[in-house]
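What follows is a single structure, written as structure tokens, with notes after it.
The values are calculated or read from the model by the stated rules, or taken from the named source; none is laboratory data. No experiment lies behind these values; they were computed from the predicted model shown. Here the Cβ positions follow ideal geometry from the backbone for every residue, glycine too, while neighbour counts run over all protein chains shown. Note: areas computed on protein heavy atoms with side chains; ligands, DNA, RNA excluded. Shrake-Rupley method; radii C 1.70, N 1.55, O 1.52, S 1.80 Å.
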Amino acid sequence: MMKKTLYIMRHGQTLFNIQHKIQGWCDSPLTQTGIQQAKIAGKYFKDNNITFDAAYCSTAERASDTLELVTKMPYTRLKGLRELSFGKFEGEPEYLHPKIDPKKHFGDYYVQFGGEDNQAAQQRVNQTLTKIMQQDNQTVLVVSHAGAMMMFSDLWTDMQKLRQSGFTNCSILKFTYENNKFNFEKIINF
């Protein structure tokens, strides 16, 4: 199997991002800044002659809106690319998040509130991205979410380095995929 390329990108800034509200499976619209971030990311791909054979995003509108600003190509929305579910904490202030061990993310903390277990979410995202990369596409764009991207990346690289690199809305992680393994290449921040 030949080496393939995955660009996985976080959605643009949303209303809940600037209001510091927990946003997993709930949704809020892109801000004007978020729209600009997505357009800048689209320009990056265009300026670097990066074209995609396929594009995917989570089922959240903030992800599909971002993707539509980056490229005009058809795309597929997949539930497997969604953010972690925070259950009853959806839409609540971010300061209510528990203090966490960065290596464990949130563990199973949110399960008691109707949310999702971190391990389960991590496997969901990893399995979805693996299925995507096993298809007959050479270069793929995926728009997802910060937590989903960090959990996935934690399986394949040092997530702490990503966090410290300035990872933010519309940051792009470039991975190669070969022999059923992802290899982190670089982070692209704007």
Exercise. Of all residues in region 1-44, which are touching a helix residue (DSSP H, G or I) at 6+ places or on another chain (Cβ under 6 Å) and among the charged types (D, E, K, R)?
Worked result: K4, R10, D27, K39
Exercise. Going by the conditions given, is A55 outside any helix (DSSP H, G or I), open to solvent by less than 70 Å² (accessible area, probe 1.4 Å) and touching a residue at least 12 places away in the same chain (Cβ under 8 Å)?
Worked result: yes
Exercise. When you look at S28, is it in contact with an Asp or Glu (Cβ under 6 Å, 6 or more places away or on another chain), over 13 Å from V142 (Cα atoms) and polar (S, T, N, Q), yes or no?
Worked result: no
Exercise. Take the residues of region 58-86 that are among the basic types (K, R) and under 17 Å from K131 (Cβ atoms): which is least open to solvent (accessible area, probe 1.4 Å)?
Worked result: R82
For this session: Would you check if N169 is farther than 19 Å from G80 by Cα, touching a Gly at 6+ places or on another chain (Cβ under 7 Å) and open to solvent by less than 30 Å² (accessible area, probe 1.4 Å)?
Result: yes
Problem set entry | Candidate set from region 1-33 (those that are part of a strand (DSSP E or B) and in contact with a Cys (Cβ under 8 Å, 6 or more places away or on another chain)); member that is surrounded by the most Cβ atoms within 10 Å (Cβ to Cβ) | M9
